[in-house]
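Colleague: Got a structure for you, written out below as structure tokens; questions coming shortly.
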Amino acid sequence: MSKSYSDAIEKIKARANIVDVIGSLVTLKRAGNTYKACCPFHNEKTPSFVVWEQSQQYVCFGCGEKGDLIKFVQKYYNITFPEAVERLATQYGITIEDSYGEENAKKDGYYELNRQAARFFYDAFTTKANPGFSYMKKRGIEPKTLQAFGIGYADDQWQSLTEFMKSKGAEESMLAELSLLSEKNGRYYDRFRGRVMFPIFNTRDKVIGFGGRIIGDGEPKYLNSSESLIFRKGYNLYGLNITKGYIQKDNLAIVVEGYMDVVSLYQSGVCNVVASLGTALTLDQAKLLKRYCSQVVLCYDADNAGINAALRGIDVLRQAGLDVKVLHVDDGKDPDEYIKRHGRDEFLALVRNKAVADVDYKISLLRRKYDLNSTTEGIRFLQAAASVLRELRPVEQDLYIRKVASDYRISEGSLRREVEGGKSPTPQTENKVSARQTQDEAPSEESIAPSSLMMERTLIRLCLLNSDYFRKLSDYPEAFVSRSGRRVASAMEALLKPSADFDISDLRDVLEEEPYRYLEDILENVVPGENDGAMFAECKEKLDSARRRTRIADIQKILELGESEGQEYDMTSLMRELMDLQKQEKK
């Protein structure tokens, strides 16, 4: 750390008061010699966040977060330590001559390379006729919108960008680090070819990466920059640099799936919109949104992928303290098509009137999954619904218990006992629609039985060796029991290709920090045996056994319920099934 940088930190601590810094962002109440508040880093009703003016420190006795004013700014805004120092230095009029050091000087160099590449793509898009401009014009995107987002074009030649950047003195190896070039047999060539280019900016308007949309047929349809020193997919949102002011004004962010959805909605006047960057919505992205609003509407496609993405997003956004609704457009494949067909006012009416609260959305998916005319299915539905309600805050929980009991004509007391007194559901009885997607509902690794965690880790290692194993687990979501394990499995599901094994580098690219570390630990420490087929078969038999035990318990509960309420059952079939299952378990 340079002397100038160290001096700046000392000046910040001398001029800034931690009470003023935190008090401008969180409501502090004086309590004797301290100040207290509800912690901004986790949800709580009773204040456990304490600030000491004398020592210029803070601590949360609920989540354990602690530090000084620089650490608080870093954590609150989800930025790096140098960025926190720079923010405070600017706020208090302190000049930092060399605030970044060697690594940040390298970052500045990368930003400049990306800026030059973005300018090259934009000039290619706007200065002469090209397929990219024709494609965007056909999609109805106007020149002023194209300019606002800096959209460009990469031609179909192999060396266009390479030669241009070399003429500017750029090193090919650095361009490859930024995913602008690819390398084969020591020869570099353009990575993006024949694509409409969407530059990706951070909230400081720095170009951090690119997304390229193929023109015409071809795979992949979208090609994105890999992660680099300046580009972390899970920490940024497409369009936020342009739309953050609108989001803050409306206190609402509409989260869509793709670049074109953002561009099209923005052009139509729906400006409080962002998109994730080709990955499942992450907690860091949710915290980024939390800086600007308290409400989010997830507006994804209505297909299975969109439903799964919504289920993942709900839990992540809730964890960040945001209020969440889900909207699937009912006319048109996606928001882009809908707004072109119906216009801004009808889309906003759809957001107001058709967006469903997250809990209602989960319950509605369960309702579609189970046949409530069947007692067995009805029990499973209510158990799954209770699992959803169990995660709610007390007031929410109370209201939804009443609502679900009324809607489905069951005893409120019975449902309340199931919610409040029931243990966390076993993986086998959870809603399979969301079993792989609701990763943050899963327990942490430390609280899982070692045998279950070991089997999860073994299965992940085997699936990475042979993707056919992963395909055979498609109906076994309970195989993945931990948060990190489910995130890894969800990423594998998204990257699964017909007749091809997984590319570990692609998997690394889409994972956030925690599951990334979990994957690396598995790769390093889980060693498959000589017969991976036999090992997989053994794991699968354990999963089948767990299912049989769950079914046995379900049948016994159904029989008990039938006897107590006088309902009619095929007792013979149930008893026969029970005996068969018990025999299998004794083998």
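Colleague: What is the spin-label model distance, in nm, from Ser134 to Glu541 if the labels are put 7 Å beyond Cα along the C-beta direction?
Modeller: Between Ser134 and Glu541, the label points sit 6.2 nm apart.
Colleague: What residues qualify as long-range amide H neighbours of Ala253, i.e. H under 5 Å apart, gap of 5 or more or another chain, H built at 1.01 Å from N?
Modeller: Gln295, Val296, Val297
Colleague: Then there's this: Under 1.5 on a/c is rounded, so check that first for the range 107-249, then, if it is not, pick prolate when a/b is larger than b/c and oblate when it is not; a ≥ b ≥ c are the square roots of the alpha carbon gyration tensor eigenvalues.
Modeller: It comes out oblate by the Cα gyration axes.
Colleague: Each residue of the range 341-346 in order: what ³J(HN,Hα) in whole Hz does its phi give by Karplus 6.51 cos²θ - 1.76 cosθ + 1.60, θ = phi - 60°, with x for Gly and Pro?
Modeller: Whole-Hz 3J(HN,Hα) from phi for the range 341-346: 7, 10, x, 4, 4, 5.
Colleague: Return the sequence-ordered ³J(HN,Hα) values of the range 197-202 in whole Hz as given by the Karplus equation 6.51 cos²θ - 1.76 cosθ + 1.60 applied to θ = phi - 60°, using x for Gly and Pro.
Modeller: Running phi through 6.51 cos²θ - 1.76 cosθ + 1.60 with θ = phi - 60° gives 10, 10, x, 10, 10, 8 Hz.
Colleague: Right, here's the next one. What is the extension gain from Ile504 to Ser573, computed as 0.36 nm multiplied by their sequence separation minus the C-alpha to C-alpha distance, in nm to one decimal?
Modeller: Numbers: separation 69, 0.36 × 69 = 24.84 nm, distance 4.75 nm.
Residue separation times 0.36 nm, minus the Cα-Cα distance, leaves 20.1 nm.
Colleague: Keeping all protein chains in position, work out how much accessible area Met535 exposes to a 1.4 Å probe, and write it in Å² to the nearest 10.
Modeller: 50 Å²
Colleague: Taking a probe of 1.4 angstrom, what is the accessible area of Glu142 in Å², to the nearest 10?
Modeller: 80 Å²
Colleague: With every protein chain left in place, what is the accessible area per residue of the chain in square angstrom, probe 1.4 Å?
Modeller: 49 Å²
Colleague: Also: Which Cα, out of Tyr77, Pro477, Ser411, lies furthest along the positive dipole direction of the chain (beta carbon charges, K/R +1, D/E -1)?
Modeller: Working it through, the farthest residue towards the positive pole turns out to be Tyr77.
Colleague: Rg and Dmax of the range 182-292, using alpha carbons, in Å: what are they?
Modeller: Over the range 182-292's Cα set, Rg and Dmax evaluate to 15.0, 52 Å.
Colleague: Using 25 Å as the Cα-Cα cut-off, could you pick out the over-long pairs in Lys144/Lys340; Lys11/Lys75; Lys128/Lys168; Lys138/Lys233; Lys75/Lys244; Lys542/Lys583? Intermediate values should be presented prior to the final figure.
Modeller: Values: Lys144/Lys340 17 Å; Lys11/Lys75 20 Å; Lys128/Lys168 22 Å; Lys138/Lys233 29 Å; Lys75/Lys244 19 Å; Lys542/Lys583 15 Å.
Too far apart for the 25 Å limit: Lys138/Lys233.
Colleague: Still on this model: By how many degrees, between 0 and 90 and to the nearest 10, does the Cα long axis of helix 412-421 differ from the longest principal axis of the chain?
Modeller: 70 degrees
Colleague: Taking the Kirkwood radius as the inverse of the mean 1/r across Cα pairs, report the Rg/Rh of the range 258-352.
Modeller: My calculation puts Rg/Rh at 0.94.
Colleague: In the chain, if the dipole is taken from +1 on Lys/Arg beta carbons and -1 on Asp/Glu beta carbons about the Cα centre, which of Ala385, Leu523, Val270 is farthest to the positive end?
Modeller: Value: Val270.
Colleague: Would you calculate a helix-derived [θ] at 222 nm for the chain, using -39,500 (n - 2.57) for each DSSP H run of n ≥ 4 and dividing by the full residue count, to the nearest 500?
Modeller: -16500 deg cm²/dmol
Colleague: Right, something else. Through the Karplus equation 6.51 cos²θ - 1.76 cosθ + 1.60, θ set to phi - 60°, convert the phi angles of the range 134-150 into ³J(HN,Hα) values in whole Hz; use x for Gly and Pro.
Modeller: 4, 5, 5, 5, 4, 7, x, 8, 7, x, 5, 6, 4, 5, 4, 9, x
Colleague: Right, another one. Normalised by the empirical 2.2 N^0.38 Å for globular proteins, what value does the Cα Rg of the range 19-162 take?
Modeller: 1.63
Colleague: Another question, if that's okay. Ranked from highest to lowest mean number of other Cβ atoms within 10 Å per residue, what is the order of the peptides 188-199, 394-405?
Modeller: 188-199, 394-405
Colleague: Report in % the part of the accessible area of the range 1-139 that belongs to carbon and sulfur, leaving out ligands and nucleic acids; probe 1.4 Å.
Modeller: 49 percent
Colleague: Stick to Cα atoms and the Kirkwood definition of Rh, then tell me Rg/Rh for the range 469-541.
Modeller: Checking Rg against Rh, the ratio lands at 0.94.
Colleague: A further question follows. Helix 240-250 sits at what angle to the longest principal axis of the chain, using alpha carbons and giving 0 to 90 degrees rounded to 10?
Modeller: 60 degrees
Colleague: Under the rule of at least 5 residues apart or a separate chain, name every residue whose amide H is placed under 5 Å from the amide H of Phe201.
Modeller: The list, which skips near neighbours in sequence, is Ile208, Gly239.
Colleague: Still on this structure: For the chain, what does the convex hull of the Cα positions come to per residue, in cubic angstrom?
Modeller: On the way: hull volume 114.3 nm³, N = 587.
Value for the chain: 195 Å³ per residue.
Colleague: To the nearest 20 debye, what is the magnitude of the charge dipole of the chain about its Cα centre, counting +1 on the Cβ of each Lys and Arg and -1 on the Cβ of each Asp and Glu?
Modeller: 1140 debye
Colleague: If the only charges are +1 at each Lys and Arg Cβ and -1 at each Asp and Glu Cβ, what is the size of the charge dipole of the range 157-205 around the Cα centre, to the nearest 20 debye?
Modeller: 160 debye
Colleague: Quick check on packing: order 260-267, 201-208 by the mean number of other C-beta atoms within 10 Å, highest mean leading. Each step should come with its number before you reach the end.
Modeller: Working: 260-267: 24.0, 201-208: 18.0.
With the highest mean Cβ count within 10 Å placed first, the list reads 260-267, 201-208.
Colleague: If you don't mind, there's one more thing I want to ask. With the contact rule set at Cα under 8 Å and sequence spacing of 6 or more, what percent relative contact order holds for the chain?
Modeller: Reported relative contact order: 7 percent.
Colleague: In debye to the nearest 20, how big a dipole does the range 294-343 give about its Cα centre with +1 on each Lys and Arg Cβ and -1 on each Asp and Glu Cβ?
Modeller: Result for the range 294-343 is approximately 140 debye, rounded to the nearest 20.
Colleague: Another one. How far is helix 450-465 tilted, in degrees, relative to the longest principal axis of the Cα atoms in the chain, given as a value from 0 to 90 rounded to the nearest 10?
Modeller: So the inclination is approximately 60 degrees.
The values are calculated or read from the model by the stated rules, or taken from the named source; none is laboratory data. Remember, it's a predicted structure, so these values are computed and weren't measured experimentally. Cβ atoms come from the backbone with ideal geometry, glycine included; neighbour counts cover every protein chain shown. Protein only, heavy atoms only, side chains kept; ligands, DNA and RNA dropped before computing areas. Shrake-Rupley method; radii C 1.70, N 1.55, O 1.52, S 1.80 Å.
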